[in-house]
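Written below as structure tokens is the structure these notes are about.
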Amino acid sequence: MTDRRSPPISSRKQPQQARSAVLVAAILDAAVQVLAKEGARRFTTARVAERAGVSVGSVYQYFPNKAAILFRLQSDEWRQTTEMMCGILEDTATPPPDRLRSLVHAFLRSECDEAEVRVALNDAAPLYRDAPEAGEVRAAGRRAVEAFMREALPEAADPTRDLARDLARDLIMTTLSEVGKSFSETPRTPAEIETYAEALADMLCAYLGGLRTGSRPRARPRAAPGSR
């Protein structure tokens, strides 16, 4: 069987001088423009070089292929999102439910602000999603949520509390990711974002509150056959 390896996605080198940093910034800015205009399928290194006004060779000095450029854009987005999440979730002076509510609002606004590029990056994900570097970047956000959940659900009321904490972490992360993606695919007004975020925050905070108090939603009793 052929060993199919992912293409290298790490930058060839990091800019050491101010002029080099400016060049890399221009390449990345051009890449965002090309991605937004052309989409992931028509995204090429040559188009990025043309938009940046530099030679393809200049691009290759820092990025070995288009997957490396796309991964840099994606990792920058992940880093910004992670920093935003950490800034909110690590604010221990604020009660956990209020932090969760703030996170939902900030996350949905962020998803909608750059929806065009985010959708295109999601389409490009097969180029880099299985690379080790991608897992390392995503892990930081996961750790922030895990720490928050340990604080939000600090003591085990029963032996299943650790499992409940893990399930709550996964539910919150999955819900934010999937809802944010779906919601941002359609242009939204600030009022729509605010209304939707508040409703989603109400739902997640209610779920977290139920876990904190040990309550569980109860199923409605079914009517006996023929009783209607």
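Worth pointing out:
- Normalised by residue count, region 58-110 yields a Cα convex hull volume of 82 Å³ per residue.
- Distance between the pseudo-spin-label points of A25 and D166 (7 Å out from Cα toward the beta carbon): 4.5 nm.
- Cα-projected label distance for A125 with T213, points at 7 Å along beta-carbon direction, nm: 3.6
- Taking one quarter of the surface of the C-alpha convex hull of region 7-126 gives a mean projected area of 8.7 nm².
- FRET efficiency estimate (nearest 0.05) - Cβ-Cβ, D91 to E194, R0 25 angstrom: 0.75
- Surrounding net charge for P190, when Lys and Arg each add one and Asp and Glu each subtract one, Cβ distance under 13 Å: -2
- Gain upon complete extension [Y60, R41; 0.36 nm per residue less C-alpha separation]: 4.9 nm
- Couplings for region 111-125, taken from phi via the Karplus curve 6.51 cos²θ - 1.76 cosθ + 1.60 with θ = phi - 60°, read 4, 6, 4, 10, 4, 4, 6, 4, 4, 5, 5, 5, 5, 8, 3 Hz in order; Gly and Pro are left as x.
Just so you know, all these numbers are worked out from the coordinates, no wet-lab data involved. In this text, all values refer to a predicted model and were calculated from it rather than measured experimentally. Don't worry about glycine lacking a Cβ; one is built from the backbone with ideal geometry, like all the others, and counts go over all protein chains shown.
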